[in-house]
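The next block holds one structure in the form of C-alpha cells; read it before the comments.
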Amino acid sequence: MGDTTTGTTAATKRYAQGALIATSVSALVVNANTSAVSILIPAISEDTGTPTDTLQWAVTGYSLVGAAVIVTSGSLGDVFGRRKIFLGGLFLFIASCVLIALSQEGFGVIAGRCIQGAAGATILACGMSLLSASNTGKAQLRAVTLWGAASAIGAAAGPLVGGLLASTLGWQGLFWIDAAIAAACVPLTFAAVQESRDPSRPRSIDWTGTVLIAAILAPLIFALTNGSAWGWVSLPTLSCFAITILATIGFVLVERRVKAPLLDLGLLRNKILVGATLSILLGSGTVNAIMYVVSLYFQDPATLDMDAFQAGLATLPVAAAAVVIAPLITPIVGKIGARTTIAVGFIIMTVSFIALAFVQASWAYALFVLPLIGVAAGMSLQNGPCSSISTACVEPGEVGAASGVSNMARYVGAAVMTAIVASVYSSVTANQVADGASQADALARAFSWSSIAMGIWCALGIALALLVARHVTRRPTEFEAAAAAASTSHTLTPPADVVGAGAGATQR
C-alpha cells in the first residue's frame with residue numbers, strides 16, 4: 001500500500017514538474033516572439049521589399065487572431081483535453097515559424113504571424129490551465145510565480161534577442177530558433193504532462209462568436225490603418241465601419257443564444273470589471289503601440305539610425321523597468337490601495353507621453369530613456385492590480401469568464417492601438433514631407449503626434465481608475481497577487497479553492 005502511495009506521489013510530482021517546464025518554456029518563447037517582431041520590421045521590410053505600413057499587419061494581425069482565439073482555445077482544452085490542444089498550439093506555432101522564416105514576401109510573413117496569433121493564444125491559455133491542474137496549494141503558487149517570471153523574462157528579452165539575431169543571422173534566425181525550442185517542448189509534453197479536462201463544462205464551442213470577433217476587428221483595423229489615405233468619409237472606410245457595426249450586432253445576438261458563449265454579456269453589467277478590462281486594454285495596447293513606433297523611429301537612417309541589435313538593446317531599460325516593478329506591485333497596493341495604484345500608473349504613463357510629445361529631430365537616445373521607462377513602470381502599476389481585480393470583482397462561478405474577458409482585451413488593445421498609432425505615424429510623416437519638411441523633422445513630428453494620441457488614452461485611464469476597485473466583493477488572494485507578474489501577457493484564472501479563500505474580504 002505504501003509503495004503504491006509513494007509511486008502515485010512520485011508520478012504526480014513528475015507530471016507537475018513536466019507541466020511547469022513545458023508551459024514556462026513555451027510561455028517564454030511566445031512572449032519573446034511577440035515582443036521581438038516590432039524590432040524586426042525594418043529588416044523584414046528591406047529584405048522583402050514590403051512597406052513598413054503593410055508589415056504593421058504582422059503585429060496587428062497577430063493580436064487580431066489572438067483576440068478571436070484566446071477564449072475558444074481555452075474552451076477546447078476544457079472539453080477535448082488541455083494537453084491535446086496545447087500540443088496543437090505548439091505544432092501550429094512551429095509551422096508558423098517555418099512559414100515566416102521561409103517567406104520571400106511580406107504576405108507570407110503576415111500570414112504566418114496571423115497563424116502565430118492563434119498558436120500563441122492557445123499555448124498561453126491551455127498551458128496555464130495545465131499548470132493549474134497539475135499543482136495545488138503552495139506548489140501551485142510557486143508554479144504560477146515561475147510561469148509569470150518566465151513570461152516576463154521572455155517579453156523583456158525578445159527585442160534584444162531578436163535584434164541580435166537580425167544583425168547576425170538575419171531576421172529569419174529568431175523564427176528558426178523559436179521553432180526549435182517549441183519543437184523541444186513537444187516530446188516533453190507527451191512524456192511528462194498529464195491530460196486534464198473540465199467535465200462540468202458544456203461541450204458546446206462558440207465557433208460563430210469566434211468568427212464574429214475577427215469580423216469585428218479586421219475591418220475596423222483596415223479602416224483605422226487606411227482611413228487617412230482613403231478618406232475618412234470615403235466608401236471603403238465607411239464600408240469597413242459598417243461591417244464592424246453589423247458584426248458587433250450579430251455577435252451580441254449570437255452570444256445571447258448560445259449554450260456556452262464566448263463572452264457572457266451579463267458580465268458587462270459589472271462596472272468594476274468593465275473598468276478593469278478597459279484599463280487593461282488601454283495599458284497593454286499603449287505599450288504595444290509605443291514599442292512599434294520606437295522600433296521604426298530608432299532604426300530610421302534619418303533619425304537615430306540604429307541597427308536591429310542596437311534598437312533591441314535600446315529597449316532593454318524599458319523591459320527592465322517592467323521586470324523590476326512587478327514584485328513591488330503587491331506591497332504598493334497593500335499600502336495605497338488598488339484604485340490609487342492604478343491611477344498613479346496611468347498618471348506616470350500620461351506624464352511620460354507628454355514628455356515624448358516634445359521630441360525633436362535633434363534628440364539623442366538618452367532623452368528617450370526616462371520617458372520610456374516611465375511608460376513601462378506605469379503600465380506595470382496599472383496592469384497588475386487590474387488583472388487581479390478583474391477576477392476578484394465577480395462571483396466565484398464567473399471567475400473563468402472574467403479572466404477570458406481580460407485576456408481578450410489585451411489582444412484587442414494591442415491590435416487596435418497599434419493600428420491607430422501606425423496610421424498616425426505614417427500619415428503625419430507623409431503630410432510633413434509633402435509640406436516641405438525634412439525626413440528627420442517629419443518623423444519627429446509623427447512621433448510627437450503618436451505620443452499625444454497615447455497620452456490621451458492614458459489620461460482616460462486615470463478616469464477609469466475611479467470605477468476600478470470600488471465595492472469589490474473580495475480582496476485578491478496571494479495566488480492572484482503572484483499572478484500579477486504575468487499580467488502583461490495573461491490574466492490567470494484562480495482555482496475554486498483560492499476564490500473561496502478570498503470570499504468576503506473587501507478591497508480599497
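Data for the structure
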| item | result |
| --- | --- |
| Residue match in the range 381-390 (condition: in contact (Cβ under 8 Å) with a residue 12 or more places away in the chain, open to solvent by 30 Å² or more (accessible area, probe 1.4 Å) and in a helix (DSSP H, G or I)) | no |
| Where a residue in the range 269-283 is under 11 Å from residue 460 (Cα atoms) and among the hydrophobic types (A, V, I, L, M, F, W, C) and its partner, wherever it lies, is open to solvent by 40 Å² or more (accessible area, probe 1.4 Å) and not in a helix (DSSP H, G or I), with Cβ under 9 Å and at least six apart | 278/467 |
| Residue, most open to solvent (accessible area, probe 1.4 Å), within the range 176-225, restricted to residues that are touching a residue at least 40 places away in the same chain (Cβ under 8 Å) and among the hydroxyl-bearing types (Ser, Thr, Tyr) | 208 |
| Residue satisfying condition, being more than 30 Å from residue 448 (Cβ to Cβ) and open to solvent by 20 Å² or more (accessible area, probe 1.4 Å), within set 246, 316, 304 | 246 |
| Restricting the range 252-266 to residues that are under 16 Å from residue 404 (Cα atoms) and in contact with a helix residue (DSSP H, G or I) (Cβ under 6 Å, 6 or more places away or on another chain), the residue that is most open to solvent (accessible area, probe 1.4 Å) | 264 |
| Any chance residue 394 is outside any helix (DSSP H, G or I) and open to solvent by less than 10 Å² (accessible area, probe 1.4 Å) | yes |
| Per-region count, the range 39-52, residues open to solvent by 10 Å² or more (accessible area, probe 1.4 Å) and assigned to a helix (DSSP H, G or I) | 7 |
| Residue ID - modelled with the highest pLDDT, chosen from residues in the range 226-235 that are more than 16 Å from residue 424 (Cβ to Cβ) and open to solvent by 60 Å² or more (accessible area, probe 1.4 Å) | 235 |
| Residue 366 modelled with pLDDT of 80 or more and either more than 18 Å from residue 155 (Cα to Cα) or charged (D, E, K, R) (or both) | yes |
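The values are calculated or read from the model by the stated rules, or taken from the named source; none is laboratory data. Only a predicted model underlies this, so the values are computations on that prediction, with no experimental measurement involved. Virtual Cβ from ideal backbone geometry, glycine too; neighbours counted across all protein chains shown. Just the protein is used for accessible areas: all its heavy atoms, side chains included, with ligands, DNA and RNA removed. Shrake-Rupley method; radii C 1.70, N 1.55, O 1.52, S 1.80 Å.
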